[in-house]
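Chemist: Input: one structure, supplied below.
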Amino acid sequence: MVDIKFCVFCGKPPQSKNKEHILPQWLLKLTGDPNRVVSMGYNHKRKTDISFSWKSLVTPACEECNTEYSCLEGEVRPIVEALLERAPLTVDNYSTLLDWLDKVRVGLWLNYHLLMGNPTGIKPSFYINSRLRKKDRFVAIYPTQEKNIGLNAHGVETLSFHGAPSAFGLRINNIFLINCSSDYIFSGRCGFPYPVSMQLHLDGESSGHLQVDNFKSTGKIKSPIFNFKLHKPSVLLFQPIMQSVISEIDQSITFLGGNPAVDPYLLASTKQGMQPGVGKIYRQFKDHVSRLDDENAKVEFDTITGSECRPAGQLVSQVYELQTFLQGAYTPLTESLEVRKHWNQRQKLMKQLNRSITKSYINASSPKN
């Protein structure tokens, strides 16, 4: 197993160290033999393929952190089991599911980051604790026709994901989830504040940090919420999340672009009883959007029929197309021509690799003559 020097939750050296299963044991048992060996991508440093058993995909964690997140696992298990039965869930259930997907997505990134030999040469600057409910996020849920059980994580093996763990897919038996979380990807279309400019520092003291400027806000919902077109899912839910900065002097929190405790629109559009700035959940339908104000309201599965039905390969390919789409969200910021050249080359390589994977999934799902 890879020697990891940090707790996957808090990022500190693990205290009273124990092991955290990034994909929990209950999920492994639900989807087959926990000891089954799966292909886990490619180690770019050693230039070898990676195969591993799901059960062995563990990372060190503080005992206290692990105990805290075991509560989340206990809450999400019946939610996943209900999804497999196409049963209606409450809006609050889906908030819990989005929290869990944040945990899984970042946990897989941290684990694969080392399993694959750190192919992008970056040092993790955040961990599960510091990424939970921090950026706009959504989930698209697709029932599949597959009768066999199984568990697959898609998109976690790409250079795009290693550079920015924003979008991945998770197949759990007969459902397929696409989850995404990134900076301001749809806040503006939910009426929340959004920056006109987002620049990513490529070097210097602020290397890897985002510079956001010129916030605007309409206070109106626009449909579709997200500009990336997905094949129709049975459930498509979005949650805008305001970002904040913490004062080094008095630890006070300042929200970027507006105050959710004062602004009437933001006050009505954010969840109460949770960390400030976390938006309510919005559901995208074919021709309109609904903000789901009642946390106890049931969310039913939409029926997908006729031409809206897509082969599994086309559903999976969307993960890689989405990763490529998100690469264009930031403008690189550097005065070094060499650094900018390297950035452009890496961006081009990531897009080429994702296009190749996308093509293979689409071809695999096409009818054979």
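Chemist: Would you mind telling me which numbered condition in (1) among the β-branched types (Val, Ile, Thr); (2) in contact with a Leu (Cβ under 7 Å, 6 or more places away or on another chain); (3) more than 26 Å from Tyr282 (Cα to Cα) Ile141 fails?
Modeler: The number of the failed condition is (3).
Chemist: Return yes or no: is Tyr320 within 20 Å of the chain's Cα centre (by Cα), of a type in the set (Phe, Trp, Tyr) and surrounded by 13 or more Cβ atoms within 10 Å (Cβ to Cβ)?
Modeler: Details: within 20 Å of the chain's Cα centre (by Cα): yes; of a type in the set (Phe, Trp, Tyr): yes; surrounded by 13 or more Cβ atoms within 10 Å (Cβ to Cβ): yes.
The answer is yes for Tyr320.
Chemist: Can we say Arg283 is surrounded by 16 or more Cβ atoms within 10 Å (Cβ to Cβ) and closer than 28 Å to Leu237 by Cβ? Outline the logic, then answer.
Modeler: Working: surrounded by 16 or more Cβ atoms within 10 Å (Cβ to Cβ): yes; closer than 28 Å to Leu237 by Cβ: yes.
It is true that Arg283 is surrounded by 16 or more Cβ atoms within 10 Å (Cβ to Cβ) and closer than 28 Å to Leu237 by Cβ.
Chemist: Determine if the stretch 290-302 includes at least one residue that is under 22 Å from Gly188 (Cβ atoms), surrounded by 15 or more Cβ atoms within 10 Å (Cβ to Cβ) and touching a residue at least 12 places away in the same chain (Cβ under 8 Å).
Modeler: Checking the stretch 290-302: at least one residue is under 22 Å from Gly188 (Cβ atoms), surrounded by 15 or more Cβ atoms within 10 Å (Cβ to Cβ) and touching a residue at least 12 places away in the same chain (Cβ under 8 Å).
Chemist: Turning to a different aspect of this structure: Output the number of the condition that Gly219 fails; it satisfies all remaining conditions of (1) of a type outside the set (S, T, N, Q); (2) more than 20 Å from Ser317 (Cα to Cα); (3) touching a helix residue (DSSP H, G or I) at 6+ places or on another chain (Cβ under 8 Å); (4) buried (at least 16 other Cβ atoms within 10 Å of the Cβ).
Modeler: Among (1) of a type outside the set (S, T, N, Q); (2) more than 20 Å from Ser317 (Cα to Cα); (3) touching a helix residue (DSSP H, G or I) at 6+ places or on another chain (Cβ under 8 Å); (4) buried (at least 16 other Cβ atoms within 10 Å of the Cβ), Gly219 violates only (4).
Chemist: Also, I was wondering about something else. Looking only at strands (runs of 3 or more DSSP E) that lie completely in the stretch 195-285, which have at least 3 residues being modelled with pLDDT under 95?
Modeler: 210-216, 244-246, 253-255
Chemist: Sticking with this structure for a sec: Select from the stretch 136-163 the residues that are at pLDDT below 95, among the acidic types (Asp, Glu) and buried (at least 21 other Cβ atoms within 10 Å of the Cβ) and list them in ascending order.
Modeler: Glu157
Chemist: Looking only at the stretch 99-122, count every residue that is of a type outside the set (A, V, I, L, M, F, W, C) and either in contact with a Phe, Trp or Tyr (Cβ under 8 Å, 6 or more places away or on another chain) or at pLDDT 90 or above (or both) and tell me the total. Full working, then the answer.
Modeler: In the first step, residues of the stretch 99-122 are kept if they are of a type outside the set (A, V, I, L, M, F, W, C); the result is 99, 102-103, 105, 107, 111-113, 117-121.
Checking which are either in contact with a Phe, Trp or Tyr (Cβ under 8 Å, 6 or more places away or on another chain) or at pLDDT 90 or above (or both) leaves us with 99, 102-103, 105, 107, 112.
Here the count works out to 6.
Chemist: Restricting attention to the stretch 326-369, and to residues there that are among the basic types (Lys, Arg) and outside any loop (DSSP other than H, G, I, E, B), which single residue is modelled with the lowest pLDDT?
Modeler: Checked the stretch 326-369; the qualifying residue modelled with the lowest pLDDT is Arg346.
Chemist: Could you tell me how many of the residues in the stretch 61-88 are crowded, with 19+ Cβ neighbours inside 10 Å and either touching a Pro at 6+ places or on another chain (Cβ under 7 Å) or closer than 11 Å to Val299 by Cβ (or both)?
Modeler: The number of residues fulfilling the criteria is 3.
Chemist: Does the stretch 106-114 include one or more residues that are in a loop (DSSP other than H, G, I, E, B), of a type in the set (Gly, Ala, Ser), within 15 Å of the chain's Cα centre (by Cα) and over 23 Å from Gly188 (Cα atoms)?
Modeler: The answer is no, given that none of the residues of the stretch 106-114 is in a loop (DSSP other than H, G, I, E, B), of a type in the set (Gly, Ala, Ser), within 15 Å of the chain's Cα centre (by Cα) and over 23 Å from Gly188 (Cα atoms).
Chemist: When residues of the stretch 327-369 are filtered for being of a type in the set (A, V, I, L, M, F, W, C) and in contact with a Ser or Thr (Cβ under 6 Å, 6 or more places away or on another chain), how many remain?
Modeler: 2
Chemist: Take the conditions of a type in the set (A, V, I, L, M) and part of a loop (DSSP other than H, G, I, E, B) and apply them to Ala87. Does it pass?
Modeler: yes
Chemist: Checking the condition at pLDDT 90 or above, in contact with a helix residue (DSSP H, G or I) (Cβ under 7 Å, 6 or more places away or on another chain) and among the charged types (D, E, K, R), which residue from Arg133, Arg189 passes?
Modeler: Arg133
Chemist: On the given criteria, is Ile185 under 24 Å from the mean Cα position of the chain (by Cα) and outside any strand (DSSP E or B)?
Modeler: For Ile185, the condition - under 24 Å from the mean Cα position of the chain (by Cα) and outside any strand (DSSP E or B) - is met.
Chemist: Quick one: what pairs do we get from the stretch 312-323, first residue under 13 Å from Leu177 (Cα atoms), second of a type in the set (Phe, Trp, Tyr) and modelled with pLDDT of 95 or more, C-beta under 8 Å, 6+ apart or different chains?
Modeler: Going by the 8 Å Cβ cut-off, the qualifying pairs are Ala312/Phe176; Leu315/Tyr142; Leu315/Phe176; Val316/Phe176; Val319/Phe168.
Chemist: Can we say Gly277 is on the phi > 0 side of the Ramachandran plot and loosely packed, with under 12 Cβ neighbours inside 10 Å?
Modeler: In short, no.
Chemist: Here's another thing I want to ask about it. Could you tell me whether Ser166 is crowded, with 22+ Cβ neighbours inside 10 Å, closer than 28 Å to Trp54 by Cβ and not β-branched (Val, Ile, Thr)?
Modeler: yes
The values are calculated or read from the model by the stated rules, or taken from the named source; none is laboratory data. Predicted, not measured: the structure shown is a model, and the values here were computed from it. Cβ: placed from backbone, ideal geometry, glycine included. Neighbour counts: every protein chain shown.
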